[in-house]
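First the structure, in the form of structure tokens, and then the observations on it.
The values are calculated or read from the model by the stated rules, or taken from the named source; none is laboratory data. Just so you know, these numbers come straight off a predicted model, no measurement behind them. Here the Cβ is made from the backbone with ideal geometry for all residues, glycine too, and neighbour counts use every protein chain on show. Surface accessibility is based on the protein's heavy atoms, side chains included, excluding ligands, DNA and RNA. Shrake-Rupley method; radii C 1.70, N 1.55, O 1.52, S 1.80 Å.
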Amino acid sequence: MIDRRRLLLSRRDLLKYGGLTAVAAGAAGLGPRLVEQILQPGRALAVDRPPDLKLVGTDGWISLPPNPPIFSSSLGVVTHPDTYAPPDRTTYVFGFANATGLADDAQFNLKNKAQHAAPLFWAREGVDFRVQLTNVGLAQRPDLFDEHTLHWHGFKNVIPFFDGEPSGSVSIPQGQTFTYVYVSRDPGTYMFHCHVEDTEHVHMGMTGLVFVRPKQDGNTSLYPSGKYVYNDGDGSTGFDREYAMFLSEVWGDSHWADAHIQLPEWSDYRADFSLLNGRVYPDTLAPNGSSIDPFNVGRTAEYDLIAPAGRPDLISQPISSLVTCKEGERVLLRFANLGFKEAAMTLTGIKLRVVGRDATHMKGRDGTNTSYQTNTVALGAGESFDAIFTAPAHSGGPGPDTYVLYNRTYTRSDNLNNGTGEGSGGGQRTEVRVYPASTPTLGQRYPNDDRL
Ligand SMILES: [Cu+2]
């Protein structure tokens, strides 16, 4: 006999007794369907309201410096720039595109319009957050029927159902849609990627940065802006402005191979380009496409993004890395690395305080403050860091004071430095521009917005 009172197990009870108790209850005869409802409360609710964000998985083309060309000795051809690319692009990618605001049918018009890095988005601690992912197929590779998923790297799912790792959860075939449901428990900076054939899909561009805002947000008594990285209790992670710095790489031969129906040999991997938010310096300084607010996507044509001002070639790389602030403001840099190589991001002339690592507040269990000051954040593949700096006093000269933020590994701040000495600049490098305190304040509307 089933004890009816046990059927009324609430979520509070589930948290109190722990998931194992519920599994034991299942084994004791509650039946798989009830256990499923207990363990997946979000799934049962998943159809009762629209998603917060709609993404599609598809392919597309981005723009990287065309000179010097890359000749592949193993393939026997020039692989960069790609001769199949549209006139103002160079490089084939797989990626995500933001379909928020589009009707479900209209999402298929985003085929071949993937962006890199993937759309930047965020959730709030403890608040149900839903992302609908639709696989609209690959325009350049109609012979492939690859599935896609959304894997929130390092995120603690209650169960693997929404994890996106295809052997432990569902993946999405072409033409299909699935809604991921998250209740974020740990504030901080994460990254996400498609987990299907992940060496290929991650490297080809299906990666981006995601973060979770803490419950403490909105409390203006600890820090005037009411914006925090963590639930610090003392305002130590309060900030005025925030910028995502997402690191990824492009190996030219593999992108050419995928566009030309060849198989990349991944053991030959070589990072030709090191990207910051999907671009290389000095493109990193170009403005945002007006489409980077993930929840309010602007478009020119009905289904196309709006290119950064004066840069139609960067239409599929809409996220700027230019950091603007006023003297005295606290600025948060959210670093995440889903390249294959370690990076050493250095800010010249300004100390950074690292307040979080891998979505964990730098604070011991006894309250000990374990944050530290540095001017270099070294991060390996799959790592994230939250670092805050206070903008120094303005020099009084004309215009903003400029500080350089760059990868200290020089071969990665100089693209195509493949031993030929022909590197043409580029790489993981951007600028921090500090304006006088007297500059009128309009306010940052979303992360990476350069509006003062
Ligand atoms: Cu994929």
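Remarks
- For segment 53-70, the set of residues classified as out of contact with any Ser or Thr (no Cβ under 8 Å at 6 or more places or on another chain) and at pLDDT 90 or above consists of THR58, ASP59, listed by residue number.
- Scope segment 147-156; condition outside any loop (DSSP other than H, G, I, E, B) and touching a residue at least 60 places away in the same chain (Cβ under 8 Å); matching residues: HIS148, HIS153
- When the strands (runs of 3 or more DSSP E) confined to segment 77-146 are screened for residues that are of a type outside the set (Ser, Thr, Tyr) and in contact with a Cys (Cβ under 7 Å, 6 or more places away or on another chain), none reaches at least 2 such residues.
- Within segment 166-183, the residues that satisfy the criterion of being at pLDDT 90 or above and not small (Gly, Ala, Ser) are VAL170, ILE172, PRO173, GLN174, GLN176, THR177, PHE178, THR179, TYR180, VAL181, TYR182, VAL183.
- Condition check for GLY235: more than 16 Å from the ligand (Cβ to nearest atom) and free of Cβ contacts under 8 Å to residues at least 12 places away in the same chain: no
- Filter result (surrounded by 18 or more Cβ atoms within 10 Å (Cβ to Cβ), more than 15 Å from the ligand (Cβ to nearest atom) and more than 21 Å from ASP104 (Cα to Cα)) within segment 132-156: GLY154, PHE155
- With respect to the conditions (1) of a type outside the set (Phe, Trp, Tyr); (2) free of Cβ contacts under 8 Å to residues at least 12 places away in the same chain; (3) open to solvent by less than 10 Å² (accessible area, probe 1.4 Å), THR370 lacks only one, and its number is (3).
- Filtered residues of segment 106-137 (kept if among the polar types (S, T, N, Q) and within 30 Å of PRO214 (Cβ to Cβ)): GLN115, GLN132
- Subset of segment 157-189 that is hydrophobic (A, V, I, L, M, F, W, C) and in a loop (DSSP other than H, G, I, E, B) - its residue that is most open to solvent (accessible area, probe 1.4 Å): VAL158
- Restricted to segment 347-367, and to residues there that are under 20 Å from the mean Cα position of the chain (by Cα) and open to solvent by less than 40 Å² (accessible area, probe 1.4 Å), the residue that is modelled with the lowest pLDDT is ALA359.
- Restricting PRO142, PRO119 to residues that are within 30 Å of ALA259 (Cβ to Cβ) and within 14 Å of the chain's Cα centre (by Cα) narrows the list to PRO119.
- Test: MET206 is of a type in the set (A, V, I, L, M, F, W, C), within 16 Å of the ligand (Cβ to nearest atom) and in contact with a Cys (Cβ under 6 Å, 6 or more places away or on another chain): yes
- Meets criteria (assigned to a loop (DSSP other than H, G, I, E, B) and in contact (Cβ under 8 Å) with a residue 60 or more places away in the chain) for GLY339: yes
- Residue in segment 102-116 that is least open to solvent (accessible area, probe 1.4 Å), counting only those that are more than 20 Å from the chain's Cα centre (by Cα) and not aromatic (Phe, Trp, Tyr): GLN107
- Segment 189-205 residues that are closer than 12 Å to GLY164 by Cβ, paired with ones that are charged (D, E, K, R) and within 11 Å of the ligand (Cβ to nearest atom) (beta carbon under 7 Å, 6 or more apart): VAL196/ASP146; VAL196/GLU147
- For segment 329-340, the criterion of a residue being at pLDDT below 95 and exposed (fewer than 15 other Cβ atoms within 10 Å of the Cβ) is satisfied by no position.
- Inside segment 179-203, residues that are more than 12 Å from the chain's Cα centre (by Cα) and more than 13 Å from the ligand (Cβ to nearest atom) make up a count of 10.
- Criterion violated by SER167 - all others in (1) polar (S, T, N, Q); (2) more than 18 Å from ASP128 (Cα to Cα); (3) more than 16 Å from the ligand (Cβ to nearest atom) satisfied: (3)
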